[in-house]
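Colleague: This is the structure I have questions about; it appears just below.
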Amino acid sequence: MLNAVGTLILGYCLTLGTGYRMTSHSSGKKQFQVQNGPCSYTFLLPEQDNCPTAAGDADTNLVQKDDPEEYEAIQRLEQLEGIMENNTQRLLMLENYIQENMKLEIAQIQQHAVQNHTAAIIEIGTNLLSQTVEQTLKLTNVEARVINQTTRLQLQLHENSLSTSKLEKQIILQTNEISKMNEKNSFLEKRVEDMEGQRLVELKGLQEEKEQLKQLLQQQTSIIQQLEQQLLHASSNNSVLQQEQQKLQDTVNSIINSIFSSTMTKSAMMQDAPTVFRDCAAVFKSGNTNSGIYSLNLPSMTQPIKAYCDMETEGGGWTVLQKRFDGHVDFHRTWKEYKMGFGDVSGEHWLGNDFISQMTSDQTYVLRIELKDWEGNSGYSQYDEFSLTGESENYRIHLKDYSGSAGKISSLGQPGSDFSTKDADNDKCVCKCSQLTSGGWWFDACGPSNLNGIYYQQGQNTNRFNGIKWYYWKGSGYSLKATTMMIRPADFLQAPLK
């Protein structure tokens, strides 16, 4: 068995090795050394026992007899040839065996390698597919966001274009109104110039008449003096002269009385100071420049009303509509009370919606609102055009051209808001703003202001939703200390004083 294994190993090494050599062992056995790369392998080959051969015995004996050494070499060569033949057969068998076994193993190895490679490729493909799906989802989300953003931008552009169109229409309307107002203003200026010209002509005529009367009076006075001297000289003569003197005196007295009455009539005609005023601006222009209470009357009114006139603020001539400063007057009133007015005009009061609407119906007025807080600060809001419609339209407010220090934008309700009270809900909110926030005001939808709310004292004036509010100056929860609303004609500063 050992010999067979050694033979197989030798055959395999002969097949794979790079070379081999044969040597003699000390025991007399032959050994083969195979060199394969850096490795060398040594094998001991079995020797055959003495095998007598029938045919070659005679020759062998002859060789042995002639030359024993040559005989021994031949014998060994024959043995080697036999061994080599056997080894060659064994190597062929081993090669066939190895090839058959290696085919299966190589096939298995190749199959295993292919399976591993296929599994790796499948795994890589799966990962790539997963990544592709994720990237596709991300791209889809990004695309959806881009589409949504594009849609929003398109909507915003559409809204902006609509708002731009509305603004352009409003600008056109405002331009038309300004043109109309300019035309009306030009007509009024021309009419005023004509009236001033007529008045100058009348004054000139009156002055001429006055001069004539003065000359006539001087002539009459000189005549009377002459007559008095004549009477003095003639009084000593006789009673007839005395009677004539008495007649002359009576005549002189009648002449003097007639001249005096004529002079008084002319003087009365030259006086044009009215006793009834439509607003405080007319009071100011008449020469009354002290702030106080005056009687005002309109052509449509049967009785005058009392109003407080501010003759100091920004040139004076202001008719005060509303005033609050201490909270003694309750402003949570009915529609009728706000219509007719309430309070004391020398203190806290509301002048009356009916009078305000009639005053602003045929002339342009400026509205000025002065405000004070509890920290000593003051501010104002001014509107260059202000008017109220009649009661049939709920005393609707109209405002234009805001300016002032009490907020960058107006806190007074939207132009066109109706007036509301606790018993007349005309606002645009279902919550009834007058009952919710107290007082009467142009609430719109419970908007950013209410100067007729509840009066809160200092320390209690914050976080008050129903106080005296002016949002764009102090916020929605701050209740103010004092307020004043007043109006005067828009052309007050341009018109000359009488």
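Colleague: List every residue whose amide H lies under 5 Å from the amide H of residue 366, counting only residues 5 or more places away in sequence or on a different chain, with H placed 1.01 Å from N in the peptide plane.
Modeller: Hits under the 5 Å cutoff: 488, 490.
Colleague: Further question on the same structure: Arrange the residues 342, 325, 465 by how much accessible surface each exposes, largest first, with a 1.4 angstrom probe.
Modeller: Largest accessible area first, the residues go 465, 325, 342.
Colleague: Please work out the ratio of the alpha-carbon Rg of the stretch 307-415 to 2.2 N^0.38 Å and round it to two decimals.
Modeller: 1.09
Colleague: So how much slack lies between residue 152 and residue 295, counting 0.36 nm per residue of separation and subtracting their Cα-Cα distance, in nm?
Modeller: Taking 0.36 nm per residue and subtracting the Cα distance, the gain is 45.4 nm.
Colleague: Roughly how much of residue 203 is accessible, in Å² to the nearest 10, using a 1.4 Å probe?
Modeller: Surface accessible to solvent at residue 203 totals approximately 60 Å².
Colleague: Can you list the lysines whose alpha carbon sits under 24 Å from that of residue 210, skipping same-chain ones fewer than 8 residues off?
Modeller: 266, 498
Colleague: If you stretched the chain out fully between residue 221 and residue 462, how much longer would it get, using 0.36 nm times the residue separation minus the C-alpha to C-alpha distance?
Modeller: 78.8 nm
Colleague: Output wanted: per-residue J couplings in Hz (rounded whole) for the stretch 145-152, from phi through Karplus 6.51 cos²θ - 1.76 cosθ + 1.60, θ = phi - 60°, x for Gly and Pro.
Modeller: Calculated HN-Hα couplings, in order: 4, 4, 5, 5, 5, 4, 4, 4 Hz.
Colleague: Give me the distance between the Cα centres of the stretch 274-298 and the stretch 391-427, rounded to whole Å.
Modeller: 27
Colleague: Between residue 180 and residue 137, with labels modelled 7 Å along Cα→Cβ, what's the label distance in nm to one decimal, could you check?
Modeller: Taking the two extended label points, one gets 6.5 nm.
Colleague: Could you tally up the Lys pairs in the stretch 89-201 with alpha carbons closer than 27 Å? Skip any pair fewer than 8 positions apart unless they're on separate chains.
Modeller: Value for the stretch 89-201: 5.
Colleague: Counting only protein chains, not ligands or nucleic acids, how are 301, 359, 93, 181 ordered by accessible area (probe 1.4 Å), most first?
Modeller: These residues rank, largest area first, as 93, 181, 301, 359.
Colleague: I need the Debye-formula profile for the stretch 89-201: one equal scatterer per C-alpha, no solvent, reported as log10 I(q)/I(0) at q = 0.15, 0.16, 0.17, 0.24 1/Å, two decimals.
Modeller: Normalising to I(0) and taking log10 leaves -0.93, -0.96, -0.99, -1.17.
Colleague: Return the long-range amide H neighbours of residue 277 (sequence gap of 5 or more, or a different chain), with a cut-off of under 5 Å between placed amide H atoms.
Modeller: Under 5 Å from the amide H of residue 277 lie the amide H atoms of 297, each far enough along the sequence or on another chain.
Colleague: Go through 212-222, 313-323 and give me the packing order, highest mean Cβ count within 10 Å leading.
Modeller: Peptide ranking by packing, descending: 313-323, 212-222.
Colleague: So, one more: Straight-line reach from residue 247: which aspartates and glutamates fall under 15 Å, measuring Cα to Cα and dropping same-chain residues less than 8 apart?
Modeller: 228
Colleague: Next up: Read phi for every residue in the stretch 105-117 and hand back ³J(HN,Hα) as whole Hz from Karplus 6.51 cos²θ - 1.76 cosθ + 1.60, θ = phi - 60°, with x for Gly and Pro.
Modeller: Karplus-based 3J(HN,Hα) across the stretch 105-117 equals 5, 4, 4, 5, 4, 4, 4, 5, 4, 4, 4, 4, 4 Hz.
Colleague: HN-Hα J couplings of the stretch 375-391 from phi, Karplus 6.51/-1.76/1.60, θ = phi - 60°, integer Hz, Gly and Pro as x?
Modeller: Listing the rounded values in order: 9, x, 8, 9, x, 9, 10, 10, 10, 6, 9, 9, 7, 10, 7, x, 5 Hz.
Colleague: Give me the aspartates and glutamates in straight-line cross-link reach of residue 422: C-alpha distance below 19 Å, same-chain residues under 8 apart excluded.
Modeller: 330, 337, 354, 391, 393, 444
Colleague: Still on this structure: Could you state the principal axis extents of the C-alpha atoms in the stretch 280-489, from the largest down, to the nearest angstrom?
Modeller: Sorted from largest, the Cα extents of the stretch 280-489 read 47, 39, 33 Å.
Colleague: Exceeding 24 Å between C-alpha atoms, which entries from my cross-link table qualify? They are 336/372; 400/469; 336/428.
Modeller: 336/372
The values are calculated or read from the model by the stated rules, or taken from the named source; none is laboratory data. Remember, it's a predicted structure, so these values are computed and weren't measured experimentally. Using ideal geometry, Cβ is built from the backbone for each residue, glycine included, and neighbour counts are taken over all protein chains shown. Heads up: the accessible areas ignore ligands, DNA and RNA and are worked out on the full protein's heavy atoms, side chains in. Shrake-Rupley method; radii C 1.70, N 1.55, O 1.52, S 1.80 Å.
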